[in-house]
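The values are calculated or read from the model by the stated rules, or taken from the named source; none is laboratory data. A quick note: this is a predicted structure, and the numbers were derived from the prediction, not measured. Every residue, glycine as well, gets a Cβ built from its backbone with ideal geometry; the counts of neighbours run over all protein chains shown. The protein model used for the area step is the full one, side chains on, heavy atoms only, and it has no ligands, DNA or RNA in it. Shrake-Rupley method; radii C 1.70, N 1.55, O 1.52, S 1.80 Å.
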Amino acid sequence: MALFRSGLLVLTTPLASLVPRLAPILTSAARLVNHTLYVHLQPGMSLEGPAQPQSSPVQATFEVLDFITHFYAGANVHTNLDVRILLTNIRTKSAFLPPLASSVQNLAHPPEVVLTDFQTVDGSQYNPVKQQLERYATSCYSCCPQLASVLLYPDYGPGELPMEPPDVPLPSTIRSSSPGARSPKQPVRGYHRGAVGGTFDRLHNAHKVLLSVACILAQEQLVVGVADKDLLKSKLLPELLQPYAERVEHLSEFLVDIKPSLTFDIIPLLDPYGPAGSDPSLEFLVVSEETYRGGMAVNRFRLENDLEELALFQIQLLKDLSHKENEEDKVSSSSFRHRMLGNLLRPPYKRPELPPALYVIGLTGISGSGKSSVAQRLKGLGAFVIDCDQLGHRAYAPGGPAYQPVVEAFGTDGIINRKVLGSRVFGNKKQLKMLTDIMWPVIAKLAREEMDLAVAEGKHVCVIEAAVLLEAGWQNMVHEVWTIVIPETEAVRRIVERDGLSEAAAQSRLQSQMSGQQLVDQSHVVLSTLWEPHVTQSQVEKAWALLQKRVDAIKP
């Protein structure tokens with residue numbers, strides 16, 4: 001069966017009855033669709049008969065909100081699917097705006113195939129039903145020419161319709177701050193304007209639940225705060241966060257897809273309160289279980305500033321059933337960033353001038369990041385390791401290739417004391433440049449000689465460990481740059497413990513180097529030594545195994 005990049009799934013079964021069937025329906029859709037799967041809710045619609053089926057409004061109830069949560073939760077199993085539940089026909093209790101005239105909605109990825117759970121009497125791919133389905137999809141959305149259609153349903157014998165499961169309430173996933181018990185069929189109130197906030201890194205299904213509920217509640221405008229700058233410092237592996245502009249781009253595409261009738265104001269979130277704490281026109285705020293206390297703090301802040309409290313809607317966290325050690329048990333961006341460690345992030349450099357039988361890795365990271373320990377782990381896996389710090393010692397030694405030039409430039413007598421020399425040039429750009437202009441070309445030449453030695457020993461992978469790899473321009477000698485990242489606070493702690501420096505001196509050392517973010521921006525693979533040694537070992541082994549595939553692919 002053909003695999004389509006994008007598809008439109010039209011669900012016609014009543015929502016409560018649909019939940020037990022979500023797994024097989026999603027699995028079937030995942031086999032057909034490679035990337036974006038749009039979902040259109042139209043429970044109770046019939047595709048039989050001569051009349052053209054029309055899209056009809058779906059009452060927004062807590063059952064609908066719960067169903068959306070369950071659908072996105074189920075979609076987590078299928079990592080290839082970018083699921084987007086379309087909300088254009090879901091109407092809240094009080095619609096302030098007149099209903100829009102029916103028109104064809106343009107989606108970011110025009111559907112190439114339309115699927116439905118509609119069940120025919122004989123259980124076959126009944127052509128008139130498929131034709132109606134295609135006409136219906138085309139009348140609602142801008143689809144690709146020659147749209148294909150597929151009927152999805154559980155396997156059952158001829159003439160044997162499946163029993164409808166009892167109409168039981170869906171497990172509750174949305175909690176409102178309004179007093180009083182809620183029932184599944186209770187209509188959801190609509191508001192003029194509301195807000196939601198988050199980091200929205202690598203937009204995932206938990207984000208989509210949060211945003212979808214906010215889009216259903218809002219009738220005119222939704223303010224979306226996207227964490228930036230200081231609010232990102234406490235994030236796990238912040239160097240791997242998508243840039244703000246990229247997060248906003250993906251967020252905007254998703255929001256416009258699911259509810260184009262709304263006005264979206266996407267703004268940088270620079271403090272914990274954001275516009276929710278100061279905008280008098282806002283009426284509600286959507287939060288997660290994790291950020292509910294923050295929502296309460298926003299309301300206290302508003303009351304202190306003579307503003308009305310916001311109605312809070314708390315969304316249940318989605319469980320991540322496939323989480324691994326050191327990953328959160330909820331669906332989260334931090335777990336996704338953790339899984340990026342060891343992966344190839346961008347295409348390797350082509351270096352035809354390097355020895356053809358040797359693949360060269362440049363290993364770098366800020367001071368205290370654990371470069372040497374990772375280099376030793378790679379050596380244990382079979383890599384030839386070149387330690388540029390040791391090459392520097394060799395170059396400085398009497399008779400070494402840098403000894404005489406350094407003596408002449410800095411007036412040193414006898415053995416060169418690297419610590420004294422380093423303190424002399426530290427903070428003096430002119431003196432530092434004099435030293436690096438001497439040392440960096442010498443170390444690069446020694447490193448190339450070491451590469452020849454690696455080839456002579458029959459090694460296929462060489463690792464150049466260098467703190468100044470990128471500053472010195474030595475990425476021109478490698479196929480890939482690998483960077484070790486740790487939080488700056490942890491780096492300071494390690495430097496103090498290892499070198500006996502004060503915290504201020506350790507921070508000063510880090511400030512004189514390229515930041516972890518600057519290094520990662522030019523890296524192919526990122527690792528971290530933040531956790532226990534066996535976790536670091538697992539990362540290195542993963543990165544090594546993936547590297548072997550790349551090396552094998554270019555072998556003559």
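Among the residues of segment 71-91, the one identified as open to solvent by less than 10 Å² (accessible area, probe 1.4 Å) and in contact with a His (Cβ under 7 Å, 6 or more places away or on another chain) is Leu86.
Pairing each residue of segment 535-548 that is touching a residue at least 40 places away in the same chain (Cβ under 8 Å) and among the charged types (D, E, K, R) with any residue that is open to solvent by 50 Å² or more (accessible area, probe 1.4 Å) and part of a helix (DSSP H, G or I), provided the two are 6+ apart or on different chains, yields C-beta distances under 9 Å for Glu541/Arg377. Residues that are open to solvent by 40 Å² or more (accessible area, probe 1.4 Å) and in the same structural domain as Asn76 (by the TED database) occur at least once in segment 34-41. All of (1) of a type outside the set (D, E, K, R); (2) on the phi > 0 side of the Ramachandran plot; (3) modelled with pLDDT of 95 or more hold for Val481 with one exception: (2). Within segment 26-64, how many residues turn out to be within 30 Å of the chain's Cα centre (by Cα) and over 30 Å from Ser176 (Cα atoms)? The qualifying residues number 10.
Yes/no per residue for (1) over 25 Å from Thr173 (Cα atoms); (2) surrounded by fewer than 14 Cβ atoms within 10 Å (Cβ to Cβ); (3) in the same structural domain as Asp306 (by the TED database):
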residue	(1), (2), (3)
Asp230	yes, yes, yes
Pro238	yes, no, yes
Leu241	yes, no, yes
Glu246	yes, yes, yes
Lys259	no, no, yes
Leu262	no, no, yes
Pro275	yes, no, yes
Ser281	yes, yes, yes
Val286	no, no, yes
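What do you reckon, is Ile266 open to solvent by 10 Å² or more (accessible area, probe 1.4 Å) and farther than 30 Å from Asn326 by Cβ? Against the criterion (open to solvent by 10 Å² or more (accessible area, probe 1.4 Å) and farther than 30 Å from Asn326 by Cβ), Ile266 qualifies.
For beta carbons closer than 8 Å, sequence separation of 6+ or different chains, a first residue in segment 162-189 that is in a loop (DSSP other than H, G, I, E, B) and a second that is modelled with pLDDT under 65, the qualifying pairs are Pro162/Pro154; Pro162/Tyr156.
Any chance segment 5-16 includes a residue that's open to solvent by 20 Å² or more (accessible area, probe 1.4 Å) and either touching a Pro at 6+ places or on another chain (Cβ under 9 Å) or over 22 Å from Lys208 (Cα atoms) (or both)? Looking through segment 5-16, at least one residue is open to solvent by 20 Å² or more (accessible area, probe 1.4 Å) and either touching a Pro at 6+ places or on another chain (Cβ under 9 Å) or over 22 Å from Lys208 (Cα atoms) (or both). Taken over segment 42-52, the criterion of being out of contact with any Leu (no Cβ under 6 Å at 6 or more places or on another chain) and open to solvent by less than 10 Å² (accessible area, probe 1.4 Å) is satisfied by Gln42 alone. Scanning segment 130-149 for residues that are touching a residue at least 40 places away in the same chain (Cβ under 8 Å) and crowded, with 20+ Cβ neighbours inside 10 Å turns up Gln132, Leu133, Tyr136, Ala137, Cys140, Tyr141, Cys143. Considering the conditions (1) open to solvent by 80 Å² or more (accessible area, probe 1.4 Å); (2) out of contact with any strand residue (DSSP E or B) (no Cβ under 9 Å at 6 or more places or on another chain), Phe301 is excluded by exactly one of them, (1).
For Gly277, the requirement of being in contact with a Pro (Cβ under 7 Å, 6 or more places away or on another chain) and of a type in the set (Gly, Ala, Ser) is not met. Restricted to segment 119-129, and to residues there that are out of contact with any Ser or Thr (no Cβ under 9 Å at 6 or more places or on another chain) and over 23 Å from Ser56 (Cα atoms), the residue that is surrounded by the most Cβ atoms within 10 Å (Cβ to Cβ) is Gly123.
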